[in-house]
1. State the three equivalent ellipsoid semi-axes of the chain, derived from the C-alpha gyration tensor as the square roots of 5 times its eigenvalues, in descending order and whole Å.
2. Could you check how many percent of all C-alpha pairs in the range 56-113 are farther apart than 20 Å?
3. Which whole-Hz couplings ³J(HN,Hα) result when phi for each residue of the range 97-113 is put into the Karplus expression 6.51 cos²θ - 1.76 cosθ + 1.60, θ = phi - 60°, listed in order with x for Gly and Pro?
4. Can you work out the Karplus-derived ³J(HN,Hα) for every residue in the range 116-132? Use 6.51 cos²θ - 1.76 cosθ + 1.60 with θ = phi - 60°, whole Hz, and x for glycine or proline.
5. Given only helices, namely DSSP H runs of n ≥ 4 each adding -39500 (n - 2.57), what is the per-residue ellipticity at 222 nm of the chain, to the nearest 500 deg cm²/dmol?
6. May I ask you to give the percent of accessible area on the chain that is carbon plus sulfur, with a probe radius of 1.4 Å?
7. List, in order, the whole-Hz ³J(HN,Hα) value for each residue of the range 51-66 obtained from phi through the Karplus relation with A = 6.51, B = -1.76, C = 1.60 and θ = phi - 60°; use x for Gly and Pro.
8. If you stretched the chain out fully between residue 54 and residue 38, how much longer would it get, using 0.36 nm times the residue separation minus the C-alpha to C-alpha distance?
Amino acid sequence: MFTNKHVARSVERQHLKSARKFYHAMADINLELAKVHRSIERQIDKSHYTAATSFVDQYISYTTIWNMKFVYNLENPEVVLMQILHLDYIFKREEADAFLKERQILAEQHLSFKELKPYKDEQIEARIEKMAQYIAEF
């Protein structure tokens, strides 16, 4: 009987450790993407991206994409995805030779996000389509 309790506790500890690593990784990605947002904020005309920003802000609690804070937002995979989509939308509309460093950071963080596999590719594509539809109707 002691062995079963020991095994159960060990499995529970491993699960908690794994879960903590997942959310810690999400927070790291979110912080890096927030830095990118802050670094480009003054160099772009934010009025061109009002619709995209409005869509993304629906998924962020108590703040905006331009001022990311609160642990709930930082550990949330949905917020990571929204930051990736928002930055991708902006970079596709800015000059190709602008923000090279920021584009590289986005690519690296996007890869890190995909490696964690919080969403299937179909789910991400559906979110992209939903964002495009929202922007078209804005």
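1. Semi-axes (√(5λ), whole Å): 34, 16, 14.
2. The answer is 28 percent, as a whole percent.
3. Result, ordered by residue: 8, 8, 6, 4, 5, 5, 5, 5, 4, 4, 4, 5, 5, 5, 5, 4, 5 Hz.
4. Result, rounded to whole Hz: 6, 6, x, 9, 7, 4, 5, 5, 5, 4, 5, 5, 4, 5, 4, 5, 4.
5. It lands at -25000 deg cm²/dmol.
6. Taking all protein chains in place, the chain shows 53 percent carbon and sulfur surface.
7. Residue by residue, the range 51-66 yields 5, 5, 5, 4, 4, 5, 5, 5, 9, 10, 8, 6, 7, 10, 4, 7 Hz.
8. My answer for the length gained is 4.1 nm.
The values are calculated or read from the model by the stated rules, or taken from the named source; none is laboratory data. These numbers come from a predicted model, not from an experiment. We place every Cβ from the backbone using ideal geometry, glycine too, and count neighbours over all the protein chains shown. With ligands, DNA and RNA removed, areas are computed over all heavy atoms of the protein, side chains included. Shrake-Rupley method; radii C 1.70, N 1.55, O 1.52, S 1.80 Å.
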